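Structure record follows, encoded as structure tokens.
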Amino acid sequence: MKATFSAAAALAATFSLASAANSIPTCGANSQCPSDTPCCSQYGQCGVGAYCLGGCNPRYSHDLQSCVAAPTCQSADYKLNSLDDVQANTVYLGDSSKANWVSSGTPVVYQNDAILLTMAPNTVGTLLMSTHYVWYGQISATMTTSQGAGVVTAFIMMSDVQDEIDFEFVGVELEVAQSNYYFQGITDCKFELNTG
């Protein structure tokens, strides 16, 4: 009888975990976040804590004050040759004085001269995001693209409301970039330019 109870308890726990995962509130054009999970992530899920930091979409959050604003970027030249100025997104709590960059995935130092954004199997790769807002100005980057077929290396400027300008190097086309710009997440292909 004890084994039957343990199996029943395990099944109940499994169903409650599955139910909890399905009960995460979602947000989008037709649905704002509730007050107890007020922040809409860039992936369309409502939550608290890290959900309210960079990538929090104020349009779909509970109200416009739900998201924590990042400070405005000051003129600077960032040398990404170590991880000293990079903090994992699982650790970053919104204090931009502790890191200028937030990572998801696994960045590594490459030959003490650059940061390599790795792409582990079954992942979307490594992302690096600034902890500061850029309102206007000039932005430049020196980067090396991936040479893998089907792998996209991208430099993306995106606002919290999904205004976006990007430059993408697709697979083995190492010298040709595709550039797109979007307004509030509306991916209209008429705003695409092939620079080749």
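Every residue in region 34-47 that is under 17 Å from residue 129 (Cβ atoms) and either over 15 Å from the mean Cα position of the chain (by Cα) or in a loop (DSSP other than H, G, I, E, B) (or both), please.
Matches in region 34-47: 41, 42, 43.
Of the residues in region 157-176, how many are modelled with pLDDT under 85, of a type outside the set (D, E, K, R) and either in contact with a His (Cβ under 6 Å, 6 or more places away or on another chain) or under 25 Å from residue 60 (Cβ atoms) (or both)?
Total satisfying the criteria: 4.
So for region 94-101 (the condition being touching a residue at least 24 places away in the same chain (Cβ under 8 Å), in a strand (DSSP E or B), of a type in the set (Phe, Trp, Tyr) and buried (at least 16 other Cβ atoms within 10 Å of the Cβ)), does at least one residue qualify?
Start the filter on region 94-101 by keeping residues that are touching a residue at least 24 places away in the same chain (Cβ under 8 Å), which leaves 94, 96, 99-101.
If we keep only those that are in a strand (DSSP E or B) as well, we get 101.
Okay, now just the ones that are also of a type in the set (Phe, Trp, Tyr), so 101.
Within this subset, residues satisfying the condition of being buried (at least 16 other Cβ atoms within 10 Å of the Cβ) are 101.
The answer is yes, given that some residue of region 94-101 is touching a residue at least 24 places away in the same chain (Cβ under 8 Å), in a strand (DSSP E or B), of a type in the set (Phe, Trp, Tyr) and buried (at least 16 other Cβ atoms within 10 Å of the Cβ).
Spot the failing condition for residue 108; the list is (1) in a loop (DSSP other than H, G, I, E, B); (2) out of contact with any Cys (no Cβ under 8 Å at 6 or more places or on another chain); (3) aliphatic (A, V, I, L, M), and only one is missed.
(1)
Being farther than 15 Å from residue 168 by Cα, modelled with pLDDT of 85 or more and either surrounded by 15 or more Cβ atoms within 10 Å (Cβ to Cβ) or among the aliphatic types (A, V, I, L, M) (or both) is the filter here; which residues of region 133-156 pass it?
Once the filter is applied, which keeps residues that are farther than 15 Å from residue 168 by Cα, modelled with pLDDT of 85 or more and either surrounded by 15 or more Cβ atoms within 10 Å (Cβ to Cβ) or among the aliphatic types (A, V, I, L, M) (or both), region 133-156 yields only 139.
For the subset of region 48-90 comprising residues that are hydroxyl-bearing (Ser, Thr, Tyr) and assigned to a loop (DSSP other than H, G, I, E, B), which member is nearest to the chain's Cα centre (by Cα)?
Initial filter on region 48-90 (hydroxyl-bearing (Ser, Thr, Tyr)): 51, 60-61, 66, 72, 75, 78, 82, 90.
Among the residues that remain, those that are also assigned to a loop (DSSP other than H, G, I, E, B) are: 60-61, 66, 75, 78, 82, 90.
Numbers: 60: 17, 61: 17, 66: 18, 75: 23, 78: 20, 82: 21, 90: 12 Å.
By that ranking, first place goes to 90.
The values are calculated or read from the model by the stated rules, or taken from the named source; none is laboratory data. Worth saying up front: this structure is predicted, and the values here are computed from it rather than measured. Cβ: placed from backbone, ideal geometry, glycine included. Neighbour counts: every protein chain shown.
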